[in-house]
Amino acid sequence: MHITEENNFKTRYVEFSPGKDPFEKSRRKGPRRWILKHIFHSSNKVFFLIVLFTTIIASNLNSIIFIIIGNAITDFLIGNNSTLIYYTLIILVLSVGTPIMRLANYMLREVIAQRLERDCRKEFYTNLLGKSQSFHEQQKIGDLMARVTDDVRMLNFLISPALSLIIESFTALIVPLIYIIIFYPTQLILAPLVFSILFIFLLRSYVRKLGPITGRMRESFGMMNATFNETLTGIEVVKATVQEAKEMEKYYTKAKWYRDAYIDQAKIQAKYLPILILSIALTIAFAHAIFLNFLNLMTIGEIIAYYGLIAQLRFPTFISIFVFAIIRLAITSSERLLELMNRETEIDENIEGITKEIKGEIKFENISFTYPDSKKPVLKNINFKVEPGQTVAIVGTTGSGKSTLTKLISRLYDVDEGRILIDNSDIRNYALESLRSQISFIEQDVFLFSDSIFNNISFGRTSSMEDIRSCAEEAQANDFIEEFPKQYESEVGERGVQLSGGERQRIAIARAFLSDPKILILDDSTSAIDSNTEDKIQRAIKNILKDRTTILITHRLSQIRWADLIIVLKKGEISAMGTHEELLKSSKEYQKIFIKKFDVDITELMKQKEVS
């Protein structure tokens, strides 16, 4: 794995890895080396060698059958009937043995194909889990789904049937030529040999022409899938704004691109010359054999056997028109997979880093940060310190960098300049799993998995029903949960669609209670909760805040008053710091926020003990 030295920290460019990765080096060497590595991985190589061996044997047996048939016909024509039973028994044995061998061949090739698809899909999925937050923010979910399903599926087709048929075609092309040279006049090799040379040359040209087309096909499929996914994800907005017709047209356009790519492929296939050349070659070869018969150099039986051998050239010729299209598609699909898997991320999981239990001291030293692919800094020269157990409120107008600042603490992004210290150690020195497992993040837009309420609260942890219920009670969620028919086993639907915004937030708060974090980050986490419920949650949050460091992003005065320190952000920089009373007196930016929110005079606001 590529390693660079930056700020004395070794970066391995992966946030998560399940352990030893046998395919890592091959991914860097391109799609062909990567595919070969999978084919010959573990016991696959044994199966592949068996497939290769049985294919060669089956092709030889098939050719031998034609030679025996030719000999039998020759003996019959000269009146030597004593050998016919012998030849018939041999043909029977070979005719039964060949399909049995092919049956074993097909079974093993299918095993390799299914293993390849399974391993590639697991590798791609695991690789995505190891990518940074910035990587995922730049991807379209629909396109990722197209890659992990359809592109990976093409690698299955690469083995079964494509690669297996190519081996079979190659032997069907070479073995008959060898038998022609051995058993018949040497000059008979001329027509099939010339055809074989032309066939290989034209096939190479055919595959090259397919390259750009298959690239368009896979790309347009990904775009079509991304449009489909995006429309369904935002179906509520689409219907609310009556944009069904426009979305339909957008999807139709992408589907048309996909169709056009297939039509262009069909045009190339329609001009596939080897089929025409084969017909000419077979005609010339047969005429040549008849001519040798006139010269008494070949018997009728040998002509029939010879034609049976060269007729085997039909198989590689006809099969290649779609097999190599599959191979080209599989190569393109593997390029699309490797394009993302080889893309380096900015965050290092740092397995050998610090794994101790943190106390919660946080220190920002001259922090500046700019999002990838952006030139405008989001945060500039941020400096502050939070003592263990303190509560810090971060306020500021929209776009001031509040959420970004909190995401830097758990290393969802790495800073451009400066450093963040937790317990006097740079967070890049911590093992990423240890760091993030001790930080709980509750956002305004809560994400819930399409699972039961129990599993959503206990996500990532093994917990008893008593623990789950206790946390739900603290988060004021138990009452509405028990109203469901299945209570804690109730399914919440896709992204928690069956719950209201306030209910989703209470589930997320219960999840945070259960994790018992050392650092708790609340990003406007009670915005969708009514005042009565919020009062109950605030009391529960006060309990959980004891002996843990908390960072609040909020404009609710009832929450800000708890803070030991309030940080005011303006355009990515710290405008002011202090307590609520201090900032109301000294910070114009802080005054603007609350005068605008509550529409009251600053003097009256300062007299209020609590506004909610």
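The values are calculated or read from the model by the stated rules, or taken from the named source; none is laboratory data. Fair warning: this is a prediction, and the values are worked out from it, not measured in the lab. With ideal geometry, Cβ positions are generated from the backbone for all residues, glycine too; neighbour counts draw on all protein chains shown.
Laid out as a table, the results:
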quantity: Near pairs, Cβ below 6 angstrom, 6+ apart or cross-chain, from the stretch 21-42 (in the same structural domain as Ile112 (by TED's automatic domain parsing)) to any residue that is surrounded by fewer than 16 Cβ atoms within 10 Å (Cβ to Cβ); calculated: Ser26/Arg33; Arg27/Asn342
quantity: Residue within the stretch 110-132 that is of a type outside the set (Phe, Trp, Tyr), within 30 Å of Ser320 (Cβ to Cβ) and free of Cβ contacts under 8 Å to residues at least 12 places away in the same chain present; calculated: yes
quantity: Count of the stretch 125-143 residues which are surrounded by 19 or more Cβ atoms within 10 Å (Cβ to Cβ) and of a type outside the set (Asp, Glu); calculated: 5
quantity: Close pairs (7 angstrom Cβ cut-off, 6 or more residues apart or separate chains): closer than 19 Å to Tyr306 by Cα in the stretch 73-88, polar (S, T, N, Q) and assigned to a helix (DSSP H, G or I) anywhere; calculated: Asp75/Thr83; Tyr87/Asn71
quantity: Val194 surrounded by 14 or more Cβ atoms within 10 Å (Cβ to Cβ) and either under 22 Å from Lys254 (Cα atoms) or not polar (S, T, N, Q) (or both); calculated: yes
quantity: Filtered residues of the stretch 236-269 (kept if of a type in the set (S, T, N, Q) and in a helix (DSSP H, G or I)); calculated: Thr253, Gln265, Gln269
quantity: Residue match in the stretch 269-289 (condition: without any contact (Cβ under 8 Å) to a residue 24 or more places away in the chain and under 39 Å from the mean Cα position of the chain (by Cα)); calculated: yes
quantity: Of all residues in the stretch 553-595 being among the small types (Gly, Ala, Ser) and farther than 26 Å from Phe441 by Cβ, the one that is nearest to the chain's Cα centre (by Cα); calculated: Ser587
quantity: Hey, Phe594 modelled with pLDDT under 75, among the aromatic types (Phe, Trp, Tyr) and either in the same structural domain as Leu379 (by TED's automatic domain parsing) or surrounded by 19 or more Cβ atoms within 10 Å (Cβ to Cβ) (or both) or not; calculated: yes
quantity: Test: Tyr371 is of a type in the set (Phe, Trp, Tyr), crowded, with 21+ Cβ neighbours inside 10 Å and either over 30 Å from Ile178 (Cβ atoms) or touching a residue at least 24 places away in the same chain (Cβ under 8 Å) (or both); calculated: no
quantity: Qualifying residue in the stretch 62-75 (condition: within 48 Å of the chain's Cα centre (by Cα) and either of a type in the set (Lys, Arg) or under 30 Å from Leu340 (Cα atoms) (or both)); calculated: no
quantity: Number of the exception - Asn366 against (1) part of a strand (DSSP E or B); (2) surrounded by 19 or more Cβ atoms within 10 Å (Cβ to Cβ); calculated: (2)
quantity: Checklist (1) out of contact with any helix residue (DSSP H, G or I) (no Cβ under 7 Å at 6 or more places or on another chain); (2) more than 30 Å from Gly308 (Cα to Cα); (3) among the aliphatic types (A, V, I, L, M) applied to Leu190, failing item; calculated: (2)
quantity: The stretch 540-560 - residue that is surrounded by fewer than 17 Cβ atoms within 10 Å (Cβ to Cβ) and touching an Asp or Glu at 6+ places or on another chain (Cβ under 9 Å) and, of those, modelled with the highest pLDDT; calculated: Ser558
quantity: Sole exception among (1) at pLDDT 85 or above; (2) farther than 29 Å from Ser196 by Cα for Lys239, by number; calculated: (1)
quantity: Residue among Ile354, Ile326 that alone is surrounded by 16 or more Cβ atoms within 10 Å (Cβ to Cβ), assigned by TED's automatic domain parsing to the domain that holds Leu232, of a type in the set (A, V, I, L, M) and within 30 Å of Phe124 (Cα to Cα); calculated: Ile326
quantity: Near pairs, Cβ below 8 angstrom, 6+ apart or cross-chain, from the stretch 235-257 (under 15 Å from Phe221 (Cβ atoms) and not assigned by TED's automatic domain parsing to the domain that holds Val497) to any residue that is surrounded by 15 or more Cβ atoms within 10 Å (Cβ to Cβ) and among the β-branched types (Val, Ile, Thr); calculated: Tyr251/Thr227; Tyr251/Thr231; Lys254/Thr227
quantity: Selection within the stretch 561-573 - part of a strand (DSSP E or B) and buried (at least 21 other Cβ atoms within 10 Å of the Cβ); calculated: Ile566, Ile567, Val568, Leu569
quantity: Unique match (being assigned to a helix (DSSP H, G or I) and at pLDDT below 90) among Leu163, Leu203; calculated: Leu163
quantity: Residue that is in contact with a Gly (Cβ under 7 Å, 6 or more places away or on another chain) and closer than 30 Å to Asp414 by Cα, where the choices are Asn342, Asn350, Asn366; calculated: Asn366
quantity: Residue satisfying condition, being under 27 Å from the mean Cα position of the chain (by Cα), surrounded by 15 or more Cβ atoms within 10 Å (Cβ to Cβ) and within 30 Å of Ile351 (Cβ to Cβ), within set Ile420, Ile442, Ile427; calculated: Ile442
quantity: Residues of the stretch 144-184 that turn out to be more than 17 Å from Val111 (Cβ to Cβ), under 33 Å from the mean Cα position of the chain (by Cα) and surrounded by fewer than 22 Cβ atoms within 10 Å (Cβ to Cβ), as a count; calculated: 6
